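The values are calculated or read from the model by the stated rules, or taken from the named source; none is laboratory data. Quick caveat, the model's predicted, so the values are computed rather than measured. Positions of Cβ are backbone-derived with ideal geometry, glycine not excepted, and every protein chain shown enters the neighbour counts. Surface accessibility is based on the protein's heavy atoms, side chains included, excluding ligands, DNA and RNA. Shrake-Rupley method; radii C 1.70, N 1.55, O 1.52, S 1.80 Å.
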Amino acid sequence: MPTAKTQIPPPPLFLSREKVVEFINPYLKNKGVYLDIAKAFGSPLYVLETDVLARKADQFRAAFSHRLPETAFFYAMKSNNLPHLSGHLLKHGFGLDVSSGVELSVALELGASSIIFSGPGKTIQELALAARHPDRVVILLDSIGEAKRLTSVLEERQTRMPVGLRLNNNPEGLWRKFGVLPEHLLSAFKEIETLGRLDFQGLQFHSSWNLNPDRQTTFIKKLGEILSSMPKQFLDAVKFIDIGGGYWPAQGEWLLSNMPQNYIIDPGVSIDLFAKELSSAIKAHILPLTQCRICFEPGRWICNDAMHILIQVVDCKEKDLVITDAGGNTVGWERYETDYCPVLNLTRPSLSEKKCRILGSLCTPHDVWGYAYFGSGIKENDILMIPAQGAYTYSLRQQFIKPIPRVAVKESSNRYFLLPE
Ligand SMILES: *Cc1c(COP(=O)(O)O)cnc(C)c1O
């Protein structure tokens, strides 16, 4: 009798001590400047490192632009919506990918000249704001209903607008809400042409949480099949294909396990490997059909390593239980009840990790920074660092019980300042 195939998930991989030490070493080496910043501006603090940000932006762009004939890069503002951070990326040749009227206003105020506006359910007010800037904004339409609403806004203003269309690349479950299904692409294109005020320029898709490029390459191949069935008039109109964001940092995803100080890793790959595989899929399946620009919308990969959180120990209640001056409202959700990030005691640095509950000061038990720290001990007033926390923390901050920390910007080891509130 053939044995039934049961889907047993692979056993989890455990994070090695070497990998953690490699990750924390640069921060411990630079501890002096982080301690100086905490001393100068107090605690808690977000610390944005603009030199790290610039390096990430350049590295991302280089990986892809060396391998493809024409590229453009748009930072997904939602991953860290500090305007100073977006402003810095503009100086490094990035455009901005915005997903609401609020983000669009910030992008316009920052002087961005190349903005893409993506997302479901754009309101009339949001469309009208975009329609005032057809020279700076491309709207990535989420549906035909939206194309019609935008057209009526444009009719009022007697203007036209460049647009793209988001393709749904994952019709299962909750991802179904995004974009237009590939089987409706031709009818959607015809409708957009008929509406008369929209300059159709390209397609977008986006997938999230990509630890490797497999999901993206699979859809690029499918997109090649879709494009090859489209009429010449459509292919001639396509000026760009935007393959979205979702690139996970190479260190991979680090999670707590049910064994103390044993952490699970879902490994990631380098951005060069992403670039190599995605570029060869694009060259094989897309560029032979249409010589268009390839656009990218990275968020997390760009901002994650560029921002850290500094907190201070307020109360050492037991040897293994301390309360700090910042709570989970700093990152907006109970992130460190599932995710692992090393907590570094900058005041008493050490490469050995000690078990200790590092908790916040909110009046709720769901207020955890970690279940251990790297240090030789821990005492009241010690400065702790949670490094590389730039993505989906600052954007989710909330004024809940405690105030939101200030932001310090570090430009180099001897230049730093506090951002005005
Ligand atoms: C969130 C989002 C991004 C950025 O995703 P990351 O995982 O932060 O890279 C890019 N494009 C779209 C359309 C998004 O919704």
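For the residue pairs LYS355/LYS402; LYS29/LYS78; LYS317/LYS410; LYS78/LYS276; LYS221/LYS276, the C-alpha atoms sit more than 23 angstrom apart in LYS355/LYS402; LYS29/LYS78; LYS317/LYS410; LYS78/LYS276. The loop-placed chymotrypsin sites (Phe, Trp or Tyr not before Pro) in region 259-335, going by DSSP, that have at most 16 neighbouring Cβ atoms within 10 Å of their Cβ come out as TRP333. Per residue, region 51-303 exposes 42 Å² of accessible surface when a 1.4 Å probe is rolled over the protein heavy atoms with every protein chain present. Between LEU181, LEU203, LEU165, the Gaussian network model of the chain with springs among Cα atoms under 10 angstrom shows the greatest mean-square fluctuation at LEU181.
The charge dipole of the chain, taken about its Cα centre with unit charges on the Cβ of Lys, Arg, Asp and Glu (plus for the first two, minus for the last two), comes to roughly 280 debye.
Against the chain, whose longest principal axis comes from its Cα atoms, helix 185-195 is set at around 70 degrees. The apolar share of the surface of the chain, taken as the fraction of accessible area on carbon and sulfur atoms (1.4 Å probe, ligands and nucleic acids excluded), comes to 52 percent.
Computed per residue of the chain from DSSP H runs no shorter than four, each worth -39500 (n - 2.57), the mean residue ellipticity at 222 nm is -9500 deg cm²/dmol. Stretched out straight at 0.36 nm per residue, the stretch from ASP214 to LYS29 would grow longer than its current Cα-Cα span by 63.0 nm.
Given their separation in residues at 0.36 nm each and the Cα-Cα distance between them, SER352 and LYS177 gain 58.4 nm when the chain is fully extended.
Along the axis of the charge dipole computed for region 51-303 (Cβ charges of +1 for Lys and Arg, -1 for Asp and Glu, origin at the Cα centre), the listed residues VAL106, VAL163, PRO267 are led at the positive end by VAL163.
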